[in-house]
Every structure is written in C-alpha cells, then in structure tokens.
Amino acid sequence: MIFDPQHRKDNRSARISMALFRMSQAIKKLTQAESDALGLSPVQIQALLFSSYTRSDVATVGNFANSIGATHVTAVKILNGLVSKGLIMKTQKYEDRRVTLLSLTSKGKEIVSKLENWGHSLEEALHPISDEVLANFELGLGTILTALQKSGHLVVAEPCLGCIHFHPNVGEAAAPHYCDLIQQYLSHEASLQECPEHASSCEV
C-alpha cells in the first residue's frame with residue numbers, strides 16, 4: 001500500500017506512486033486557487049478548454065466525460081451549468097442526432113482568452129529544474145501516461161500529427177489531410193486541434 005511508509009521504504013514504485021499522488025493534490029490546490037479568481041471551478045474551466053481546443057466534430061459530451069474521467073450524467077451537469085452561464089452551446093450532430101456537440105459562445109471565448117496563464121503556478125514550479133532532469137522526467141511520465149491510457153484509466157487527446165489514422169497532404173488545399181478513423185478530409189486548422197481518438201504511431 002503506497003500510504004504505508006514502511007512499504008514505501010523498500011519499494012521504488014510505491015515511492016513514485018506516492019509522489020504522483022502528492023503532486024495531484026498540489027495540482028488540485030493550485031488550479032482551484034486560479035479558478036476561484038475567475039468565479040469558476042477547475043472542472044468548468046476544463047470544459048471550456050475542451051470545447052476550445054478539441055476538433056469540432058469530436059467535441060462531444062461523451063468525449064468530455066471520458067477526458068475528465070466522469071460519468072455521462074456528471075458531465076452533463078457540469079456542461080448545463082456552463083450553458084446557463086451563457087458560456088457553452090450544445091447542438092446535435094448532423095450525422096447522428098444522438099450525439100451532442102459542444103462549442104463556445106462569444107462570452108465563452110472571452111473567458112478562454114483570459115485562461116492563458118491558467119496552470120502557470122505548476123509551470124513555475126518546474127523552472128528551477130535543469131533541462132536534463134526535466135527531459136528524463138518527461139520520458140518517465142510519458143511511459144506512465146501510456147500505461148494508464150492502455151489500461152483504460154486515462155484519455156490522452158492530441159492533435160492529428162503522429163496519429164496512426166492521420167495522412168497529411170493527400171487532399172485539396174482547403175482540406176489537405178485525411179483521417180482513416182472518421183474517413184474524412186480535414187483542414188490544416190482542424191488537424192492542429194486535439195482529438196480524443198488520437199492513437200500514437202510510435203510507442204513510448
């Protein structure tokens with residue numbers, strides 16, 4: 001058990017797991033303080049950022065729920081609060097009216113424009129650490145994230161580049177890229193947004 005100090009003493013994995021747990025607690029505290037200044041909760045801000053940076057055709061309620069590790073019902077409650085504040089719009093997907101797409105209102109976009117420094121406290125904590133240490137740390141974290149993703153505990157959304165489904169520069173100028181998964185051509189701008197279905201073409 002990672003909370004048992006005697007167990008951690010002779011178990012590196014337990015020590016690292018406890019360190020990650022403590023980091024998650026610190027991150028929660030930091031983001032809460034930064035969110036309070038905007039009159040929103042951290043998860044509401046996550047919803048706004050999800051709607052802003054996720055490709056429009058996959059910015060769905062279901063994908064948002066998966067991204068925060070919540071049930072569909074919980075995600076709907078969070079989003080409905082933002083709809084009532086006039087920050088998010090919900091529309092039915094044309095191809096499948098059972099699917100609800102999310103987008104920002106003009107007021108929501110204004111709030112997102114103020115989030116440039118959201119999370120800056122965490123970034124500042126890393127500044128004193130050398131590039132060499134950070135590089136090794138990044139590699140280790142990437143391996144952990146990949147393991148969590150494969151076990152179904154985490155959704156990692158990334159832009160199209162580096163995805164096994166992505167074929168760049170095979171179409172016309174307006175939509176030069178192609179996605180095998182959705183079988184559609186994408187504009188360059190769309191390919192730069194995050195996709196929750198991203199499947200890395202290389203193993204970490």
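The values are calculated or read from the model by the stated rules, or taken from the named source; none is laboratory data. What you are looking at is a predicted structure, and each value in this text was computed from that prediction instead of being measured. Note: ideal-geometry Cβ built from the backbone for every residue, glycine included; neighbour counts use all protein chains shown. Accessible surface is based on the protein model in full, side chains and every heavy atom, while ligands, DNA and RNA are left aside. Shrake-Rupley method; radii C 1.70, N 1.55, O 1.52, S 1.80 Å.
Please verify whether Ser191 is of a type in the set (Gly, Ala, Ser) and out of contact with any Phe, Trp or Tyr (no Cβ under 9 Å at 6 or more places or on another chain), treating the condition exactly as stated. The answer is no for Ser191. Of the residues examined, Val112 is not one that is at pLDDT 95 or above, closer than 21 Å to Asn63 by Cβ, among the aliphatic types (A, V, I, L, M) and assigned to a helix (DSSP H, G or I). The set of residues in the stretch 71-90 being part of a loop (DSSP other than H, G, I, E, B) and in contact (Cβ under 8 Å) with a residue 24 or more places away in the chain consists of Leu87 alone. Within the stretch 5-30, residues that are in contact (Cβ under 8 Å) with a residue 40 or more places away in the chain reach partners that are surrounded by 15 or more Cβ atoms within 10 Å (Cβ to Cβ) and small (Gly, Ala, Ser) with beta carbons closer than 7 Å, at six or more positions or on different chains, in the pairs Leu30/Ser121.
The set of residues in the stretch 33-55 that are closer than 16 Å to Ser106 by Cα and among the hydroxyl-bearing types (Ser, Thr, Tyr) comprises Ser51, Ser52, Tyr53. Scanning the stretch 146-163 for residues that are loosely packed, with under 12 Cβ neighbours inside 10 Å, assigned to a loop (DSSP other than H, G, I, E, B) and not polar (S, T, N, Q) yields Gly152, His153.
Among the residues of the stretch 126-145, are any touching a strand residue (DSSP E or B) at 6+ places or on another chain (Cβ under 6 Å) and not in a helix (DSSP H, G or I)? No, the stretch 126-145 has no match at all. Answer yes if at least one residue in the stretch 33-45 is open to solvent by 40 Å² or more (accessible area, probe 1.4 Å), in a helix (DSSP H, G or I) and polar (S, T, N, Q), and no otherwise. Scanning the stretch 33-45, I find no residue that is open to solvent by 40 Å² or more (accessible area, probe 1.4 Å), in a helix (DSSP H, G or I) and polar (S, T, N, Q), so the answer is no.
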